[in-house]
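Encoded as structure tokens, the structure appears first; notes follow it.
Read-outs throughout are calculated quantities, based only on the coordinates presented, and are distinct from any laboratory measurement. Computed from a predicted model, the values in this text were never measured in an experiment. Reconstructed Cβ throughout: ideal geometry from the backbone, glycine too, with neighbour counts over all protein chains shown.
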Amino acid sequence: MKTALVTGGSRGIGAAVCRALAREGYRVFINYNTTDPKALAAEIGGTAVKCDVRDSDQVRGMFGKIGSVDVLVNNAGIAQQKLFTDITDSDWLDMRATHLDGTFFCCREALRSMIRSHSGSIINISSMWGQTGGSCEVHYSAVKAGIIGLTKALAKEVAPSGVRVNCIAPGIIETDMLSGFTAEELSDLRAEVPLGRLGSAEDIADAVVFLASEKASYITGQVLAVNGGVVI
Ligand code: NAP
């Protein structure tokens with residue numbers, strides 16, 4: 001049975017990815033930091049693994065427990081809207097640690113066995129703001145752009161070792177991450193989407209399943225935009 005680790009699998013996009021991979025027959029490890037996904041683990045027959053991806057020792061410990069994985073989805077994330085001049089050192093460092101350090105640490109651990117077995121697929125969750133830049137989200141946009149750079153460089157390096165590395169750049173997806181927006185703001189955002197609706201966590205999960213599958217066996221180093229046409 002193939003195995004998959006989804007970071008930040010307890011809620012939102014990560015939880016939908018866990019469900020979708022389980023439906024595809026994967027044994028799924030559901031990483032979380034604070035929200036224990038007991039119910040989700042029971043529902044999909046998966047295993048919850050607590051680990052703060054910002055901490056390299058904890059990431060090493062997590063891989064020590066779960067062993068090798070066939071698919072790694074780097075999804076754990078936080079968001080924050082602030083004027084650039086209001087971003088504090090700790091806002092900046094936390095944004096960087098959660099998204100970039102976390103992705104780097106998890107890729108490094110997962111690749112040890114992927115390179116040995118000459119197979120594996122890594123899928124990093126970026127954002128359309130990493131492609132275009134988002135006002136009042138400069139720190140978020142910067143780390144999401146960093147994830148695109150990491151994906152492309154790593155894809156080139158490990159392709160000869162049989163490992164694929166791709167990236168998904170979601171648009172505006174209805175999860176807890178949008179809880180800071182009012183109903184009116186959400187309606188304004190919806191009006192800007194050419195396909196006429198906000199995205200669902202399942203829209204991203206479907207893209208992950210595709211990139212993880214054999215149907216994507218000739219695809220590496222790519223950024224798959226799942227955004228309803230907002231960025232084309
Ligand atoms: P969400 O509903 O807020 O869920 C965030 C997930 O990340 C939770 O499972 C959370 O776990 C986990 N997490 C946060 N910090 C962590 C840490 N230090 N270690 C381990 N896990 C951690 O957000 P979402 O909307 O599903 O976002 C998932 C990913 O998609 C993020 O990378 C986000 O940037 C990206 N994205 C989202 C949107 C959107 O519109 N929603 C758009 C573009 C990109 P706990 O519950 O345990 O804290």
Spin-label pair D91/S119, simplified geometry with 7 Å Cα→Cβ offset, distance in nm: 4.6
Please identify which residues in segment 167-206 have an amide N closer than 16 Å to a label point set 7 Å out from the Cα of K2, following the Cα→Cβ vector. 167, 205-206
How many angstrom lie between the C-alpha centres of segment 51-97 and segment 110-144? 11
Got a sec? How would I172, I115 order by Cβ neighbour count within 10 Å, fewest to most? I115, I172
Using DSSP to call loops (not H, G, I, E or B), can you name the chymotrypsin sites (Phe, Trp or Tyr not before Pro) in segment 142-232 whose Cβ has at most 10 other Cβ atoms within 10 angstrom? Y218
Beta bridges per DSSP with both ends in the chain, % antiparallel, nearest 5: 0
Neighbour-count ranking [beta-carbon atoms within 10 angstrom, fewest first] of D55, D70: D55, D70
Given a cut-off of 24 Å, name the pairs among K82/K156; K38/K82; K152/K215 whose C-alpha atoms lie farther apart than that in the structure shown. K82/K156; K38/K82
Starting from 0.36 nm per residue, how many nanometres of slack lie between Q58 and Y218 once their C-alpha separation is accounted for? 54.3 nm
Kyte-Doolittle mean at least 0.0 and Cα axial length at least 24 Å: DSSP H helices in the chain: 138-158
Stokes-Einstein diffusion coefficient of the chain, Kirkwood radius over Cα pairs, 25 °C, 0.890 mPa s, in µm²/s: 139
Starting from the Cα of S179, step 7 Å along the direction of its Cβ; do the same at T34; then give the gap between the two resulting points in nm. 0.9
Which of the listed residues, G61, A97, V226, is farthest toward the dipole's positive end in the chain, when Lys, Arg count +1 and Asp, Glu count -1 at the beta-carbon? G61
Need the list of aspartates and glutamates near K65 for cross-linking: C-alpha distance under 14 angstrom, and skip anything on the same chain fewer than eight residues off. D57, E109
